[in-house]
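The values are calculated or read from the model by the stated rules, or taken from the named source; none is laboratory data. Please read these numbers as outputs of a predicted model, since none were measured by experiment. Cβ placement follows ideal geometry from the backbone for every residue including glycine, while neighbour counts extend to all protein chains displayed. Just so you know, the surface numbers come from the protein's heavy atoms only, side chains and all, with ligands and any DNA or RNA stripped out. Shrake-Rupley method; radii C 1.70, N 1.55, O 1.52, S 1.80 Å.
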Amino acid sequence: MTDLSHEPSALDLVSASAANAQSRRRRERFANVGIAIAGALALLLIWKLAVMALNVPPYILPAPEGVFTALWSGIAVSPASPLGFYLPLWSTLSNALFGFLIGAGLGLIVGSLMAEFRPVETALMPYAFALQSLPKVAIAPLIVIWCGFGDGSKIAMAALLAFFPMLVNSFAGMRSADVERIELMKVLSASRFETYRLVKLPSAAPYIFAGLDMGIVYALLGTIVAEFLGAQEGMGVVITKAQAVTDVAGVFAVLTVLGATGIILHLVVSRTQRKLIHWMDRGQH
């Protein structure tokens, strides 16, 4: 006779499956971190061997330890020190984030309007692509002339570069909404705004976060480009000063900080995406 009290219930099976999936994701995460660290160490080793074998002078390509020394001199100081990286990084980051919020917000609004109203799409889409096809380095001097050498030009450049990824992704996401669900909302006599809020916006969420992921990095790049053109503070100014004295190690140190900042911003967006649209994460396993 079978002892039914020892047979796993459906709830136990579901719990065990969820635990296994979580354990598998944790192992994959550790494996990815290990691969990333191994790749970085291999790159540093190749870099070091190339500098030694080719006898490259430091003013052309410094060795990794020279870059580490320059990096340490910029971060091992008080956050309020004008000699460190903290104050320029804060200036760059604050302007980039402000511009990103403006550009991403406008991109979401305009992309939604174009997806909802065909005449708006017809009227604005060609100009949006024309604007995106223009080289931003050529536009930057005009923005500096219009907005000045202060924070306004940096914020404007950041907003400009964050705008288009959000526009395109929002538009594509809205248009990809399930037609059957939209028809169901019509049968239920839902308003256009209710259909947008309950069906189209959730369907477009993965596209919108893809636009945010690209836009926040572009905003950082736009801010630095504006700083190259005559700003008083920021990481772009630090790079310009280091180039003026042929401090190549210092330039590499600043680029390292900016690269790490870009990775952190990407991770923040990715984690926020997993928190807000968690059904997409579950659907991948």
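Beyond 19 Å, the tail of the calculated P(r) for the stretch 38-189 holds 71 percent of the Cα pairs. Of all aspartates and glutamates in the structure, those lying under 17 Å Cα to Cα from LYS48, and not within fewer than 8 positions of it along the same chain, are GLU65. For the stretch 21-120, a crude dipole built from +1 on the beta carbon of Lys and Arg and -1 on the beta carbon of Asp and Glu, taken about the Cα centre, is about 480 debye to the nearest 20. Comparing VAL248, ALA21, SER9 along the charge dipole axis of the chain, the residue lying farthest to the positive side is SER9, per the Cβ-charge model.
Helical runs assigned H by DSSP (4 residues or longer) give the chain a calculated mean residue ellipticity at 222 nm of -27000 deg cm²/dmol, each run adding -39500 (n - 2.57) before division by the residue total. Computed with every protein chain present, the accessible area of ASP12 is close to 80 Å² [probe 1.4 Å]. Partner lysines whose Cα lies under 23 Å from the Cα of LYS136, excluding those fewer than 8 positions away in the same chain, are identified as LYS154, LYS241. The label-point distance for ILE75 and THR272, in a model that sets each label 7 Å from Cα toward Cβ, rounds to 2.4 nm. Bridging of LYS275 to lysines at a Cα separation below 24 Å is possible for LYS200, once same-chain residues fewer than 8 apart are set aside. Take the convex hull of the alpha carbons in the stretch 173-285; its mean projected area over all directions comes to 10.3 nm².
Plugging the Kirkwood radius over Cα pairs into Stokes-Einstein for the chain, at a temperature of 37 °C and a viscosity of 0.692 mPa s, what D comes out in µm²/s? Rounded to a whole number, D works out at 145 µm²/s.
State the extension gain, in nm to one decimal, for the chain segment bounded by VAL187 and TYR127, taking 0.36 nm per residue of separation less the distance between their alpha-carbons.
Details: separation 60, 0.36 × 60 = 21.60 nm, distance 3.61 nm.
Result: 18.0 nm gained on full extension.
Largest accessible area first, the residues MET125, MET174 order themselves as MET125, MET174 under a 1.4 Å probe with ligands, DNA and RNA left out.
For THR92, neighbours were defined as the other residues whose beta-carbon sits under 12 Å from its Cβ, and their charges (Lys and Arg +1, Asp and Glu -1) total -2.
Can you check what the Kirkwood hydrodynamic radius comes to for the stretch 1-112, Cα pairs only, in Å to one decimal?
On the way: mean 1/r = 0.0487 Å⁻¹.
20.5 Å is the Kirkwood radius here.
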